Amino acid sequence: MKKQILERYEKTAGGSLIVDVAARRVADLYENFDKSSPYHRKDLDGDLVSYITDSVREIGKRDFVVRFSIEQPLSEELMDMVRAGMHAFFMYKKELEYIAMKKMVRTSLFLLVTGIVILGVSLRVNHLLALSGPISFPNSFFAEGLTIVAWVSIWEGLATFLLNWAPHLFRTRLFQRIAAASVLFRLSERRAEDES
């Protein structure tokens with residue numbers, strides 16, 4: 001199955017897979033809400049980001065390049081700006097993912113530590129109640145409730161960490177790979193046909 005997926009991609013002379021993106025003009029690669037910023041500071045179009053990340057996820061660990069087929073001829077300066085913009089944007093996405101991962105780790109630790117503290121209090125309360133003789137229903141209810149809250153907090157902390165750590169790490173590495181990828185350009189075949 002993986003071989004069939006990889007066969008959908010063209011390859012460079014060096015064997016790297018090509019993630020192809022076609023656009024009429026460079027402006028089509030970027031979001032429209034910020035028209036005054038230079039290309040190396042603008043956000044890439046959301047659909048383009050999804051397409052590139054999905055393609056790289058699909059490719060797996062194979063080497064790849066991103067190739068833009070643009071209908072308008074581009075100057076070397078403009079190509080360099082797009083390359084810098086691609087790198088900066090995906091490094092920005094990596095940084096956001098890293099911040100989200102740190103926040104998730106802090107939340108997990110907080111829940112885990114809180115649960116351990118409550119469990120300690122619960123054990124102490126249960127011990128004091130056992131020493132005080134017969135335990136009344138309200139006291140027993142309170143002590144058991146503390147124990148349940150402690151275990152729920154501990155479990156939530158562990159589950160949050162175990163379920164979210166790997167996806168955050170995967171996305172961080174994915175954005176790093178895309179940021180480091182070579183960006184190629186070619187005049188689109190449609191433009192070349194129009195000129196012939």
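Residue pairs whose Cβ atoms lie under 6 Å apart, separated by 6 or more positions or on different chains, with the first residue in the range 159-187 and under 15 Å from M91 (Cβ atoms) and the second open to solvent by 60 Å² or more (accessible area, probe 1.4 Å) and among the hydroxyl-bearing types (S, T, Y), are T172/Y98. Being open to solvent by 40 Å² or more (accessible area, probe 1.4 Å) and at pLDDT below 95 is a property that A166 has.
Residues that are farther than 20 Å from D45 by Cβ and in contact (Cβ under 8 Å) with a residue 24 or more places away in the chain do occur in the range 132-148, at least one of them.
When restricted to residues that are at pLDDT 85 or above, open to solvent by less than 50 Å² (accessible area, probe 1.4 Å), on the phi < 0 side of the Ramachandran plot and assigned to a loop (DSSP other than H, G, I, E, B), the range 1-57 contains 4. Against the conditions (1) modelled with pLDDT under 90; (2) basic (K, R); (3) farther than 20 Å from L184 by Cα, R106 satisfies every one except (1).
Of all the residues in the range 160-191, those that are of a type in the set (F, W, Y) and closer than 30 Å to A22 by Cα number 3.
Looking across the range 71-89, the residues that are surrounded by 16 or more Cβ atoms within 10 Å (Cβ to Cβ) and closer than 18 Å to A23 by Cβ come down to E71, L74, M79, M81, V82, R83, G85, M86, F89.
For (1) open to solvent by less than 80 Å² (accessible area, probe 1.4 Å); (2) polar (S, T, N, Q); (3) assigned to a helix (DSSP H, G or I), each residue gets a yes or a no:
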site	(1), (2), (3)
I118	yes, no, yes
R124	no, no, yes
H127	no, no, yes
A179	yes, no, yes
L184	yes, no, no
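The values are calculated or read from the model by the stated rules, or taken from the named source; none is laboratory data. Note that the structure is a prediction, hence the values are computed from the model and not measured. Neighbour counts are summed over all protein chains in view; Cβ atoms, including those assigned to glycine, are modelled from backbone coordinates with ideal geometry. Surface areas here come from the heavy atoms of the whole protein model, side chains and all, with no ligands, DNA or RNA. Shrake-Rupley method; radii C 1.70, N 1.55, O 1.52, S 1.80 Å.
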